[in-house]
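Everything on this sheet refers to the single structure shown next.
The values are calculated or read from the model by the stated rules, or taken from the named source; none is laboratory data. All values reported here derive from a predicted model rather than from experimental measurement. Ideal geometry is used to build each Cβ from the backbone, glycine not excepted, and the neighbour counts take in all protein chains shown.
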Amino acid sequence: MKKTLFLLPIAILALAGCNGNGGGTNPEPTPGPTPTPTPSEPEAVVIPTVTDCDLKTAYDAAAALAKGGVTTDAYTFSGTVVAKSGNSWFVQNGYSGMYVYNKALDGLAVGKTVSVTSTLQNYSGCLETKTISAASITGEATPEASIKVCGAGQLAQLRQNIRVSVTLKVTSLSGEWSASNSPFLDGKALNNGNEVEDVKIKLDKWGFAACDEGTKTLINALTEGDVVTISGLVTTAYDKTSGSPVSNQLMAGETITAVQG
């Protein structure tokens, strides 16, 4: 085992052997003044820096986190509200998005533009806000046509928390979609009738109640070979064993719509 040698300072006192007459004892030393204690330095307060950025920069910072991780810094981002559930809502800018968790704003509605400053977290795979320090509405409703929609051929590079619309030829449905069950819809994504990539859509049980009865009935009646267009908000589903994102897997949110091809 490697040994470490510690060198300690040693004080050497030079003592006179006798007094001036060659005998007697040394006088007692005169006590010096009591030293004034030096005050300890207070611990530094770490204030997270705020990075003024576009939503893609904030998204990339959150996406780099391991599950359960939280960013040290706060990020300011802006975008369009593309879905809202209670006091939580989704913001999208281009092909990037963020879930803003439990932040009430008077007058907030789908289509309005907002600015948010918050630390970010990877909460069970969902990229979302953690500690919000500021949030405000910055503009009125954005035309729906200006919101980016991810489609067939783009799904392998999908960023979560954004709008998706994909037409697919069904290969299987793993079970009945209900308020207590989130089945997987597997198929081949179509572009102008051509099969361009495999797609696995997890139909979110939390979004079941928000969908119209026609959509629920249509999806649960799908069989192999049917062609259907699925539109909705997308987050990310994770493999429970490995904890990694499942390739080409989408989790449709509360705004699912479906049209039979």
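Things to note:
- Members of region 95-144 found to be basic (Lys, Arg) and more than 12 Å from residue 82 (Cβ to Cβ), listed by number: 103, 130
- Where residue 206 falls short, out of the listed (1) surrounded by fewer than 20 Cβ atoms within 10 Å (Cβ to Cβ); (2) under 21 Å from the mean Cα position of the chain (by Cα); (3) at pLDDT below 70: (3)
- Checking residue 164 against (1) assigned to a loop (DSSP other than H, G, I, E, B); (2) buried (at least 18 other Cβ atoms within 10 Å of the Cβ), the condition it does not meet: (1)
- Inside region 168-203, residues that are outside any strand (DSSP E or B) and of a type outside the set (Gly, Ala, Ser) make up a count of 4.
- Test for residue 94: is it on the phi > 0 side of the Ramachandran plot and in contact with a helix residue (DSSP H, G or I) (Cβ under 7 Å, 6 or more places away or on another chain): yes
- Matching residues in region 209-221 - criterion: being buried (at least 19 other Cβ atoms within 10 Å of the Cβ) and assigned to a loop (DSSP other than H, G, I, E, B): 211
- Residue in region 181-202 that is over 29 Å from residue 62 (Cα atoms), hydroxyl-bearing (Ser, Thr, Tyr), at pLDDT below 90 and crowded, with 18+ Cβ neighbours inside 10 Å present: no
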